[in-house]
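Report on the following structure.
The values are calculated or read from the model by the stated rules, or taken from the named source; none is laboratory data. Computed from a predicted structure; not experimentally measured. Every residue, glycine among them, receives a Cβ derived from its backbone with ideal geometry; neighbour counts consider all protein chains shown.
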Amino acid sequence: MSDPVMTAKGLVKEYGKGATLVKALRGVDLDIPRGSFTCIVGPSGHGKSTLMHLLGGLDHPTSGTVIIDGQEMFRLGNKELAALRANKIGFVFQFFNLLQSLTARENIETALMLAGVSEKEQKTRAKDLLDIVGLGEKADAKPGQLSGGQQQRVAIARALANDPPVLLMDEPTGNLDSEAEAEVMKVLENLKQQGKTVVFVTHSHEIAARADNLVHVRDGQIQLPHDLKIAS
Amino acid sequence: MTPSKLVFKNLTRRKGRFLFTLLGIMIGMASFVTFMALGGSLKSQIEKESAALGANLVVTPKGSCAYEQVSILTGEQLPTNITRDEVAAIRSIDGMQAIPYLAERSAIDNRPVSVMGILPEETRVFKKWNLAQGGYFPAEDSEGVVLGAVLAEQFGLLPGSDVRIRGANLKVLGILEETGGKDDLTVFLSLPVAQNLYEQIDLVSYVAVRVDRLDEVELYANKIKDKVSLGVVSDKQMRSSVLAIVGTVNMTLQLIAAVAILAAAFGIVNTMMTATYERKREIGILQAMGATRYGVFRLFLIESGIYGLIGGIGGAVLGGLAAVFATPYISQNAATSFVKGSQSSLDPIMFAGAILFSTLVAMVAGLYPAIKASKLSPVEAISYE
Ligand SMILES: Nc1ncnc2c1ncn2[C@@H]1O[C@H](COP(=O)(O)OP(=O)(O)O)[C@@H](O)[C@H]1O
Ligand SMILES: [Mg+2]
């Protein structure tokens, strides 16, 4: 695990100022090994989502850097950062991932469009991606016609659309019942077999147990294994 | 997927709101186009009427104002107080031709029509009229009427028909060839018969004068003023004051249309603001997928622009139709009576201009919502629940 696809160095994120200052991240150093199945765990409100947003280039840190494929993310201008999000990162949120006016297939096509893929290629690739998550049949369904688990699978297919080196998922099963969670986990398991780099946040011990790289976040910091032992 | 397909999917996701917003801009543009088309035709019609009058000078009642001059061109009723002696004095001047008219109103089948008392023979020559059907006044004081071509057709009148004017049954003697002016919509009587019918014994409304030498119009105006104490205007003065009045009326109408468009523009602002708010989370998702701020801005701006484009096309078509079909039914007044029976001026450049204008207005209206949408930070947009 000497070749990290993504590295965070000294990430600090503060919200507000003065009396309302919140230190969401207090200096995070983190390597995401290529091909790893990295799981981030920790109590609510301790900075997991904040960390994911910074790793995904959705927000700027107060200080610190994120390097992806050797590129320093926050040195990029708005346009380059958007292009990086389109091509190098697939993001899955906890819920409402899909554009409601578009079908499953069109949602995926939109991600491809934003990466500059031609309309013709969008069509075939979108179909393949839906097959990968087992939803080839539901290509023309709108999000409202899909179950929660199906919607998250479409979201995963969309995150995979431009074959990004890393997938970031913030509690992708957090809103699902156990049956739907199992559906989604099956898809994730497949990605793991294929050697995809996946970083995801979860509260489920069962899911965390499948990770090959477990990261504990507490009070905006990473807890090292020996600290954990002392704490327990 | 393409950006324009994405725009259309978003545009039509709330069908009711889409339609009502569209209707707003469409109605605004339709009224604008209608008034523009009418305005264009008014101007050309005034030029035509002025030419049809065939006069270089018009003698009007003393102290008559611009509004009364409009009436001469439109065939409205005028204060009638020019006496027989005054007419005789004007007609005694050499080097010019002077024709008196009595302008009155009546109704056929409850629809208002212009009635003119004329000197049959002199007027026919003066105006170079030709007969289309039937005969003409056999004598200077003949009973009966001669009709303009359009009026005869509108009311289905033929030589030999009876027309009721001011309670008197009169025979239709003949029908004139179409002139393209208001004469087409006028009932002509011989002057003595008209004066009797309207109890204006020995009085006329105005006198049209044609001088033999065009460079002496000014000179003859003064000659007339020396003889009689009446108002004298040249056709040029008359045309410009009429155009000024009509221009004002026209501008007022267009201003009303502009207010309607402004209201529609605020409708677009409202719709787009609501859309921005509703799709806050989707904006965040788009950005997470790699949309730039400019990309989001453009999506919203085009979406609002399409309201203007479709509204402009629909408005131009509706407005054009309204101008063509509604024109003959517009109630007659000094400004709109020029339009009766005339074709509206439907100019393709005006149509293109209207569509462009409407699109621009809608894009300006969408500017603020689009900027707001593009300024959302992805995290802020996604955290919204
Ligand atoms: N946009 C924000 N503005 C202010 N405070 C925030 C914002 N986002 C998160 N926080 C705060 O930062 C801390 C970490 O939040 P978060 O990263 O969402 O935690 P987690 O995902 O682990 O539950 C919390 O105290 C939260 O209230
Ligand atoms: Mg969270």
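If you check every pair at least six apart or on different chains, which have Cβ atoms under 6 Å apart with a residue in the stretch B:60-88 that is within 18 Å of B:Gln200 (Cα to Cα) first and a residue that is surrounded by 14 or more Cβ atoms within 10 Å (Cβ to Cβ) and among the basic types (Lys, Arg) second?
Going by the 6 Å Cβ cut-off, the qualifying pairs are B:Gly75/B:Lys182; B:Gln77/B:Arg105.
So that you can scan it fast, the table gives a plain yes or no per residue for (1) within 22 Å of B:Ile382 (Cβ to Cβ); (2) among the hydroxyl-bearing types (Ser, Thr, Tyr); (3) modelled with pLDDT under 95; (4) in contact with a helix residue (DSSP H, G or I) (Cβ under 7 Å, 6 or more places away or on another chain):
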position	(1), (2), (3), (4)
A:Pro4	no, no, yes, no
A:Thr7	no, yes, no, no
A:Phe95	yes, no, yes, no
A:Met113	yes, no, no, yes
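Rundown of residues vs (1) surrounded by fewer than 21 Cβ atoms within 10 Å (Cβ to Cβ); (2) away from ligand 2 (no atom under 16 Å from the Cβ), yes/no style:
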position: A:Thr7; (1), (2): yes, yes
position: A:Gly10; (1), (2): yes, yes
position: A:Cys39; (1), (2): no, no
position: A:Pro61; (1), (2): no, yes
position: A:Ile67; (1), (2): yes, yes
position: A:Gln94; (1), (2): yes, no
position: A:Leu98; (1), (2): no, yes
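Could you list, in sequence order, all residues of the stretch A:27-37 that are touching a residue at least 40 places away in the same chain (Cβ under 8 Å) and away from ligand 2 (no atom under 16 Å from the Cβ)?
To start, the set of residues in the stretch A:27-37 that are touching a residue at least 40 places away in the same chain (Cβ under 8 Å) comprises A:27-30, A:32-37.
The answer is A:Gly27, A:Asp29, A:Leu30, A:Ile32, A:Pro33, A:Arg34, A:Gly35, A:Ser36, A:Phe37.
Please identify the pairs in which a residue from the stretch A:9-26 that is within 17 Å of A:Ser44 (Cα to Cα) and of a type in the set (Gly, Ala, Ser) has its Cβ atom under 9 Å from the Cβ atom of a residue that is more than 11 Å from ligand 1 (Cβ to nearest atom) and part of a strand (DSSP E or B), counting only partners at least 6 apart or on another chain.
A:Ala24/A:Val12
Testing A:Gly45 on (1) part of a helix (DSSP H, G or I); (2) loosely packed, with under 15 Cβ neighbours inside 10 Å; (3) within 16 Å of ligand 2 (Cβ to nearest atom), one condition comes back false. Which one is that?
Every condition holds for A:Gly45 apart from (1).
Could you count how many residues in the stretch A:193-212 are away from ligand 2 (no atom under 16 Å from the Cβ), surrounded by fewer than 18 Cβ atoms within 10 Å (Cβ to Cβ) and touching a residue at least 12 places away in the same chain (Cβ under 8 Å)? If you could, list the steps in order and put the result at the bottom.
Taking the stretch A:193-212 as the starting set, the residues that turn out to be away from ligand 2 (no atom under 16 Å from the Cβ) are A:193-198, A:205-206, A:209-212.
Okay, now just the ones that are also surrounded by fewer than 18 Cβ atoms within 10 Å (Cβ to Cβ), so A:193-195, A:205-206, A:209-210, A:212.
Right, trim to touching a residue at least 12 places away in the same chain (Cβ under 8 Å) and you get A:195, A:210, A:212.
Number satisfying all stated conditions: 3.
Across the stretch B:199-243, what is the number of residues that are on the phi < 0 side of the Ramachandran plot and outside any strand (DSSP E or B)?
The number of residues fulfilling the criteria is 31.
In the list B:Ala51, B:Ala37, which residue meets the criterion of being buried (at least 23 other Cβ atoms within 10 Å of the Cβ) and farther than 30 Å from A:Ala139 by Cα?
Answer to the selection: B:Ala37.
Do you know which of the residues in the stretch A:56-95 that are part of a loop (DSSP other than H, G, I, E, B) and away from ligand 1 (no atom under 16 Å from the Cβ) is nearest to the other protein chains (Cβ to nearest Cβ)?
Ranking the qualifying residues of the stretch A:56-95, first place goes to A:Gly77.
What about A:Met185, is it at pLDDT below 95 and either assigned to a helix (DSSP H, G or I) or more than 13 Å from every other protein chain (Cβ to nearest Cβ) (or both)?
On the way: at pLDDT below 95: yes; either assigned to a helix (DSSP H, G or I) or more than 13 Å from every other protein chain (Cβ to nearest Cβ) (or both): yes.
Yes.
Would you pick out the residues in the stretch B:67-103 that are part of a helix (DSSP H, G or I) and either of a type in the set (Val, Ile, Thr) or surrounded by 14 or more Cβ atoms within 10 Å (Cβ to Cβ) (or both)?
B:Glu68, B:Gln69, B:Val70, B:Ser71, B:Ile72, B:Leu73, B:Thr74, B:Glu86, B:Val87, B:Ala89, B:Ile90, B:Arg91
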